[in-house]
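Student: Before we start, here is the structure in question, set down as structure tokens.
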Amino acid sequence: MSENISHIEGLLLIDKPSGPTSHDSVNVVRRVSGIRRVGHTGTLDPLASGLMIICLGRATRLAEYVSSLPKSYRAAVRLGQETDSYDSEGAVVWEREVNFTPEELNEALSSFRGDIVQKPPLFSAKKINGVPLYKLARKGQQVPIPERSVTVYDLELISWEQPDIELLISCSAGTYIRSIAHDLGSILNCGGHITALRRTSIGDFYVDESVSLSDLSQDNWMSHLQPSETAVRHLPRLALSEQESLSLFNGQVVEYQSNQPRDQLVKAYDPHGQFVGIVVLEDQFWRAKKIFYGSVVNTS
């Protein structure tokens, strides 16, 4: 690519197909864009499809503000079989006849709504002492897996054709949908695992906004690139004067004004609409957290 791309930054909303890993998807973006500094904002299992948000260049500094957003999924669950990976790519380790009433199913599903505690699947990227669980599992190592607290904001049964059910799930970041399927099977005493999973949204980003990974090319990727500050479009906006913007850029604090938002974390802009960066409110002063102001001038 003849164009100098060292200063290019932004987000790509990708519709990942079932099959490739998240790392594979990042490599596709690296290849078509020619940019090496690329990262995603949340892993999708190879089996899963749907929305991935990939950051390029300096936008990778904002990935944490996307990865912490709530997620929504459409999940297909097969009851009657438990697998070692909690999905259909694993080996079946337990089978039992599916025999429960609609009332028992609804009661079991209701136990997952709200704040819950779950364990990540053994075959997952969750790290124990710096080592992903799936690597330990492949070596046959047994390690205690710590529980984690997550929140399921909504869980809806949309179809049931025994032994398969389909669910819509809205949940906090860090929720393992495979664990919900596995634990549901345990409650119903028949086993369960994921057969298909699609991520439909991340915060207020929707898969309908995305481009298919297979459609991304060297000729069109820049037409799908969104500005870096899109990653924090959910944060309140703070309008600054020219001098205040320069002060934050130079590492100085800016005094809080009564007409400004009281939120602790905001996205800041100068009078010309240029993204200054992320600033935090501490002791009645705005302090720089991640500054983008002047980035084009300073990346030559």
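The values are calculated or read from the model by the stated rules, or taken from the named source; none is laboratory data. No experiment lies behind these values; they were computed from the predicted model shown. Note that we place each Cβ from the backbone using ideal geometry, even for glycine, and neighbour counts take in every protein chain shown.
The rows are residues; the columns are (1) under 23 Å from the mean Cα position of the chain (by Cα); (2) surrounded by 13 or more Cβ atoms within 10 Å (Cβ to Cβ); (3) assigned by TED's automatic domain parsing to the domain that holds Met52.
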site: Ser214; (1), (2), (3): yes, no, yes
site: Gln243; (1), (2), (3): no, no, no
site: Phe249; (1), (2), (3): no, yes, no
site: Ser258; (1), (2), (3): no, no, no
site: Val279; (1), (2), (3): yes, yes, no
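Student: For the subset of the stretch 147-162 comprising residues that are over 20 Å from Leu122 (Cα atoms) and not aliphatic (A, V, I, L, M), which member is modelled with the lowest pLDDT?
Tutor: Gln162
Each row is one residue, and each column tells you yes or no for (1) in the same structural domain as Ser186 (by TED's automatic domain parsing); (2) farther than 13 Å from His193 by Cα; (3) surrounded by fewer than 17 Cβ atoms within 10 Å (Cβ to Cβ); (4) touching a Leu at 6+ places or on another chain (Cβ under 9 Å).
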| site | (1), (2), (3), (4) |
| --- | --- |
| Val38 | no, yes, no, yes |
| Leu47 | no, no, no, yes |
| Leu56 | no, yes, no, yes |
| Arg78 | yes, no, no, no |
| Ser88 | yes, no, yes, yes |
| Thr101 | yes, yes, yes, no |
| Asp115 | yes, yes, yes, no |
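Student: Pick from Ser6, Ser22: which is surrounded by 14 or more Cβ atoms within 10 Å (Cβ to Cβ), modelled with pLDDT under 95, of a type in the set (Ser, Thr, Tyr) and under 28 Å from Gly277 (Cβ atoms)?
Tutor: Ser22
Student: What about Ala63, is it within 29 Å of Val279 (Cβ to Cβ), touching a residue at least 60 places away in the same chain (Cβ under 8 Å) and not assigned by TED's automatic domain parsing to the domain that holds Glu89?
Tutor: Against the criterion (within 29 Å of Val279 (Cβ to Cβ), touching a residue at least 60 places away in the same chain (Cβ under 8 Å) and not assigned by TED's automatic domain parsing to the domain that holds Glu89), Ala63 qualifies.
Student: Given the conditions (1) in a loop (DSSP other than H, G, I, E, B); (2) in contact (Cβ under 8 Å) with a residue 60 or more places away in the chain, which single one is not true for Gly19?
Tutor: Gly19 satisfies all of (1) in a loop (DSSP other than H, G, I, E, B); (2) in contact (Cβ under 8 Å) with a residue 60 or more places away in the chain except (2).
Student: Would you confirm, using the coordinates I've provided, whether Thr230 is among the hydroxyl-bearing types (Ser, Thr, Tyr) and closer than 30 Å to Glu95 by Cα?
Tutor: no
Student: Can you find a residue that is part of a strand (DSSP E or B) and farther than 30 Å from Leu13 by Cβ anywhere in the stretch 253-268?
Tutor: Yes; the residues of the stretch 253-268 include at least one that is part of a strand (DSSP E or B) and farther than 30 Å from Leu13 by Cβ.
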